[in-house]
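Shown next, in C-alpha cells, is the structure this report addresses.
What follows is calculated from the coordinates using simple rules that are stated; it is not laboratory data. Here the structure is a predicted model, which means the values were calculated and not measured. A quick note on method: Cβ atoms are made from the backbone with ideal geometry, for glycine too, and the neighbour counts reach across all protein chains shown.
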Amino acid sequence: MKISLDWIQNYIDVDLPVSRLVEVLDNIGLLIEDWEEKNGDIILDVETYANRPDTLGHMGIARELAAALGLALKEQRLPLTETNENISDLIDVQIWDEDLCPRYCGMIVKNIKIGPSPEWLIKKIEAMELNPINNVVDVTNYVLFATAQPIHAFDLDKIAGRKIIIRRAKQGEKLLSLEAKDVDLTSEMLVIADEEKPVALAGVIGGENTAVSDSSQNVFIESAHFDPVSVRKTSKATGIQTDAAYRFERGADVSFPPKAARMAASLFSQFGGKVCKGIVDVYPKPRKIKTVMLRDHRVTSLLGVEIDNGFIEKTLADLGFQMENKQPGIWQVKIPHFRIDIEREADLVEEIARFYGYEKIPIQLPPLRSLEPILDPKKERIQTLRQLLFHYGFDEVVNFSFMDPEKEKKFTSDLDPIPIRNPISTKAAFLRTTLLGGLLENVAWNTNRGAEGVHIFEIGNIFHMDNETYNEHLRLSMVMTGSVGERHWKEKSKEGSFFHLKGTCEALMAQLRYGSFSFQEENHPHYQEGCSLVLHFKGEEIGCLGAVDQKILDAYLLKQEVWAAEINLSLLFEKQAQAFQFSAVVKYPSVNRDVSFVADNNVAFEKIREALEKLHLPYLEKFTLYDRFAGSSIPQDKVSLSFRFIFRRPDRTLQADEVDVFQEKIIDTLKARFHFQLREGGEN
Amino acid sequence: MENLKIEIQNKRKAFENALAKVKDKHSLQDIRNEYLSRQRGIITGIFEQLKHVKPDEKPEIGKLINDFKKHVQERVQALQEKFAAPKKALEKVDLTLPGEKKYWGAPHPILLFQQKIENIFLRMGFSIVDGPEIETDYYNFGALNFPPHHPARDDWDTLYITDDVLLRTHTSPVQIRVMEKRKPPIRIINPGKVYRKEAPDPTHLPMFYQVEGLVVDLGITFAHLKGTLEYFLKTLFHEKIKIRFRPSFFPFTEPSAEVDIECTVCGGKSEDCRVCGGGGWIEILGSGMVDPQVLKNVNIDPEKYSGFAFGLGVDRTAMFAYQIPDMRYFYENDLRFIRQFSLK
C-alpha cells in the first residue's frame, strides 16, 4: 500500500530522514518495498499483511510509527456546517440481513457544489495513484486511504422512496455498476437497495443509477460494516476487485463508521455543503470489546528473553490496548476493534516482540535432546539410485508434474489421469501419468540445441485416479539417444542402445539387491512393437523398457531412435531386498574354457541360457557370452557366438580331463537342442 | 620296472602330443596342472610308483622320472614365455595427448542444493520426512489456521483438483501429519515439490521446491528459532553473512518472522541491484513460533509445548547462491545448464 509522508504528518509530527523511517517501519514488520520522491512528497510502498487491515490507511500506519518512535497522535477536528433539517426526516435505513451487515451509518450533506477538488486533495489522490474525479468522489477515496474505512456517496435525490434497505439480492436482480457493467446478482450477495432496486453491491461497488454526477446537489454518505466472508465471496463471484472490497474482506473496524461519515461530511462542508442534523446509525447488536489474558512468564517462555513489565504496558497502551493489571505479571488486555488480528496471548506476545525488536532477542541453539530419528529407507534408496545413474553417465532432470492432455492421449495406458480444475494453461491441465513425456520434451529441447546425445533420468511422482481416490506413485524413468560423452582419440564413442539401457536396469536392480528379477518380451503401448521388455520381480510387473513408439516420438517431433525405461519405485520399494551376505573366496584356481559356435541367428539367448542352466553342471561357476557377430566369414542367417565357461571346485584344483567332460556335455547339448556347430579358429 | 619305463615313455609322448595342441595360456595352464600338480599331477603319480621298484633299480628310474619332470618344466616354461605378452621397451609416446575423458552424470541443481540444505539440518539432529503432493484442504490450510474464505489464502494461489483436493502449496501439511502421529520432541525438515497457480516468469513458477522445518519440544523459544536459522544460513552461505529477522505474518505462526540476508551481490550498495532491487536485503526464509491453534489442532497442549517452524524456497535460494537470473532455467533441463553442476 502506498503511504504519503506528507499525509502521515496530519496525524503525527515526524521529522526523520527517510532511511531512518524505512528502518523503523521494517523493524516493526511494515516492510518498505520501495520508496520515491514525488511532487515534494515521499511515497512509501508498504507491504501489508492479510491479518492487518488496520494498516491499510494512513492513520493505522501513523499509529504504528507513533508507538515505535514514542510520538503522540494528533487530535482530529472535524467541524461541520449544519442545516436545520434532520436526517431522520430525509431517509429511512433498514438492515434486513444483519448477519451480513452488523452496522450501517449514514449522513446527508445538501447543496454541495460538485466540482474539481482543491489542490491539496488532488495531490493526496494522485499520491495514491488514482485519478481525481470530482470533490465528492475524491473525498470518499480520501477517507478510505486515511482511515481504511471504505465509504460511499449516493446522490440522495436518485434514491427511490428515500429508503435504504440492506438485504440479500433476489435471484435474477441486476445492478448496473459504476464500471458500467451489468452485474447478475444472486441471493447470496448483499446489496444496498432503495424502495425499487439494488443501488450498490454492499462493500464492493456502487451503482451507476445513484452515482453522484456533476448535476448532483445532495449526497447520502454511507459508512458501514459488512461481513468479510460475504464481501469476499461477492467480489470473487463477480470478479470485481475494489479498494473497498479489499478492506472489508480483511475486516474493518466496527467502531469506526460514524467517525468516517463525519470526516466525509466535514470535508463536504468545505465545498459549501450543509450537513443535516444527526447521523443514521443502525447497529442492532453492538459488539463487545474482546479481552485477552497476558502473562509475563509466557512472554519470556515464548521469546526466550525477559522483557520489562513497564515496557510491555507502555507498548501495548501506545498501540491502543487497555491494560488491566489483575495480579503481578498478569494483565487483562482489552483489544480495540481495529485490531481484529489479536485474539490470543501469542498475538500480544508478537506485538511486544515487534516493538522490543527482533534483533534484540538472543541467538541460541535449542537444547540438545536426543530423540528417535524418523527413518526413511525410500530416501536412502533414491540416493543410491541417483549416485549409480550419475556413475553410468545419466544427467538428472526435473520436469513439471503437469501434462498436456493432447500429448497424454498418445501414451495409451490404463491409468486415469487427474485433471486440474484451474490449470495455469490448457497445456498443463492434467497431472502426468508418465515421466516419459517430460523426458522426451527434454530430448527434443537438447537435440534442437545441438546435443549429440541425451542420456537423462528423472525420479518423481506420477498421478492417477481410481474412482474418487487420487494416487501418486514414485517412478524412475531413463531415456537415451545418441552418444554419451565426447569423442576421444583412444576410445570408441559409446552409443546409446537398447542393451546399454537394459544393462543399466540390470545393474540398478542388482545394486538395490533385487537380484531375482526377470525380463519378458512383451509389447507395451509406449514402445515399438517387438521392441520392448517388461521387467518382473516376484511375479509383479515393475517396469518396462524399449524403443519409444513412433507415434509418441512424432508428438515430440523427434526423428531419431530413443530408448526409454520406466520403473515403478513405489511398488519395487515395497518388496523385500535381499540381505547382503559375504561368501568365502575359493582359493583353488578356475579352469576356463572358451568355446565358439556357429548358430542360427533366430535362437533366443534366453533359451540357450535356460538350456545351460538346466544342465546343472557341477562346478560351472558362470558363463558369459563374450562375442557375437555375423558377417562375411559366417554363413547367411547364422551368427557366431563365443562363450567363456568358468569352472571351479571349492575343495581342490579341477583336472583338465574332468573339465573336458563338462565341456563335451555343453557342446553336445547345444548341438542337439539348437543345431549349433563348433566354429574352428576358436575365439577370433 | 620295465612297465614303469614304458609308462614314462608313453606319458612323455602324450605330453608332447598335448603340448602340440596348446594354443593359449589357458590350455597350457591346464597341461601344467595335469602333469606338475603336486598332489594329483601325473609326475607325482609316477613318483608314487617308485616305492615299488627294487632298491638297486631306484637310481636309474629316479633319474628317468626326474629327467621327465625337468623336461616338462622346461617345455612349459618355454611356452609360457612364448605366450606371455612380449615385453617391449616402452615406445616413446606423446605424453601431451589428452587423457581418457571420464564422464559422469550431473545432478539436477535444485536437488543438489536441497541436499546441501538437508545435510546441515541432519547434523543438527533433524529427521527428513516426506509426504503426498496431492493434499486436502484441511492439511494444506485448515489445520494450519487458515480460516475458510480468508484473504490470507490469496498469498498461496492454489491449483485445485476438487473443492477439497488440491496440489499442496507448501510442505507444511507434512508437519501436521507428523504431529498427528508423534508426540514431542519433534525435529524434522520436509523437502519437496509444491505447487502454485502462477504463470511462469523469471521469479515465479507453478511448481518449485521447498524445505520446511519444525521443532516442537518443552521450552522452545524464539531465541532458539534465531539460533537455528543463523547457524543454518551461516553454514549455507558463509560465517560472516549479515542476517535480519523482521516481523511478518503467516497464519500458522505467531509471532512470525521473515528472515533476510544481506545482498552479497551488491553488498547493499547499488541502488538498482538486479538481485536485491537496491534494498540491500534478500528475503530468504519465512518462520515463526508455531501458532497455538495449530498445536491444538494436532492435540499438542500449547501451554506445555512450544515450537518453531520455518520454510524456504530451494529454487529461490539456489538462484541467489549461484547467481542464476531466471528460475525457468531449472525446468528447461538444458544439459548445457545442468551439466555445469556435475562440478559442484
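Starting at the first residue of segment B:120-135, write each ³J(HN,Hα) from the Karplus equation 6.51 cos²θ - 1.76 cosθ + 1.60 with θ = phi - 60°, in whole Hz, x for Gly and Pro.
5, 6, 4, 5, 8, x, 7, 9, 9, 10, 10, x, x, 8, 8, 10
Tilt of helix A:656-674 relative to the longest C-alpha principal axis of chain A, in degrees (0 to 90, nearest 10)?
That works out to roughly 70 degrees.
Residues with beta-carbon under 9 Å from that of B:PRO151, excluding B:PRO151: net charge, scoring Lys, Arg +1 and Asp, Glu -1?
0
Roughly what % antiparallel, to the nearest 5, for the DSSP beta bridges in the protein assembly as shown?
95
Taking K and R as +1 and D and E as -1, what net charge do the other residues with C-beta under 13 Å from the C-beta of A:GLN578 add up to?
Net charge around A:GLN578: +3.
Taking each pair of distinct Cα atoms in chain B once, what is the resulting Kirkwood hydrodynamic radius in Å?
Over chain B, the inverse of the mean reciprocal pair distance is 26.6 Å.
Please report the spacing between the Cα centers of segment B:275-344 and segment B:189-216 in Å, no decimals.
So the separation of the two Cα centres works out to 7 Å.
So what's the angle, to the nearest 10 degrees on a 0 to 90 scale, between helix A:135-147 and the longest Cα principal axis of chain A?
On a 0 to 90 degree scale, this one is about 60.
HN-Hα J couplings of segment A:222-237 from phi, Karplus 6.51/-1.76/1.60, θ = phi - 60°, integer Hz, Gly and Pro as x?
9, 9, 9, 10, 10, 5, x, 5, 5, 4, 5, 5, 5, 4, 5, 5
Using alpha carbons only, how many angstrom separate the centre of segment A:247-275 from the centre of segment A:437-502?
That distance is 65 Å.
Cβ neighbours within 10 Å, averaged per peptide: list A:176-185, B:109-118, A:455-464 in order, most packed at the top.
For the peptides A:176-185, B:109-118, A:455-464, the packing ranking is A:455-464, B:109-118, A:176-185.
Quick one: order B:ARG75, B:ARG328, A:ARG232, A:ARG287 by neighbouring beta-carbon count within 10 Å, fewest to most.
By the 10 Å Cβ count, ascending, the order reads A:ARG287, B:ARG328, B:ARG75, A:ARG232.
I need the trypsin sites (Lys or Arg not before Pro) found in segment A:387-423, filtered to DSSP loop residues with at most 14 other beta carbons within 10 Å of theirs.
A:LYS409, A:ARG421
With an 8 Å Cα cut-off and a minimum separation of 6 or more residues, compute the relative contact order for chain A in percent.
Taking the mean separation of contacting Cα pairs over the length of chain A, I get 9 percent.
Structure shown: which of A:LYS638/B:LYS13; A:LYS163/A:LYS259; A:LYS622/B:LYS69; A:LYS2/B:LYS296; A:LYS314/B:LYS226 lie over 30 Å apart, alpha-carbon to alpha-carbon?
Those over the limit are A:LYS638/B:LYS13; A:LYS622/B:LYS69; A:LYS2/B:LYS296.
Under the definition of Cα pairs under 8 Å and six or more residues apart, what whole-number percent is the relative contact order of segment A:290-360?
Once divided by the residue count of segment A:290-360, the mean separation gives 39 percent.
What is the helix-to-structure angle for A:605-614, meaning the angle in degrees between its Cα long axis and the longest Cα principal axis of chain A, kept from 0 to 90 and rounded to the nearest 10?
60
Could you run the Karplus curve 6.51 cos²θ - 1.76 cosθ + 1.60 with θ = phi - 60° over segment A:269-278 and give me ³J(HN,Hα) per residue in whole Hz, x for Gly and Pro?
Each residue's phi maps through the Karplus curve to give 4, 5, 9, x, x, 10, 8, 5, 5, x Hz.
Which chymotrypsin sites (Phe, Trp or Tyr not before Pro) does segment A:542-615 hold that lie in a coil by DSSP with at most 10 other beta carbons within 10 Å?
Qualifying residues, ordered by number: A:PHE580, A:PHE582.
Does segment A:1-75 come out rounded, prolate or oblate by the C-alpha gyration tensor, with a ≥ b ≥ c the root eigenvalues, rounded set by a/c under 1.5 and, if not, prolate when a/b is larger than b/c and oblate if not?
The shape class here is rounded.
What residues qualify as long-range amide H neighbours of A:MET293, i.e. H under 5 Å apart, gap of 5 or more or another chain, H built at 1.01 Å from N?
Placed amide hydrogens put A:VAL333 under 5 Å from A:MET293.
Tell me, how many Å apart are the Cα centres for segment A:573-625 and for segment B:85-135?
Computed from Cα coordinates, the inter-centre distance equals 32 Å.
If you take every residue apart from A:SER425 with its C-beta less than 15 Å away from the C-beta of A:SER425, what net charge results, scoring Lys and Arg +1 and Asp and Glu -1?
0
For a quick check: with amide H placed at 1.01 Å from N, whose amide H comes under 5 Å from A:VAL191's, ignoring anything fewer than 5 positions away on the same chain?
Sorted by chain and number, the residues that satisfy this are A:ARG167, A:ARG168, A:ALA169, A:ALA202.
Mean separation of Cα pairs under 8 Å and 6+ residues apart, divided by the residue count of chain B: what relative contact order is that in percent?
15
Find, among the chymotrypsin sites (Phe, Trp or Tyr not before Pro) in segment A:88-125, those assigned to loop by DSSP (not H, G, I, E, B) with at most 14 other beta-carbon atoms within 10 angstrom.
Taking segment A:88-125 and a limit of 14 other Cβ atoms within 10 Å, the loop chymotrypsin sites (Phe, Trp or Tyr not before Pro) found are A:TRP96.
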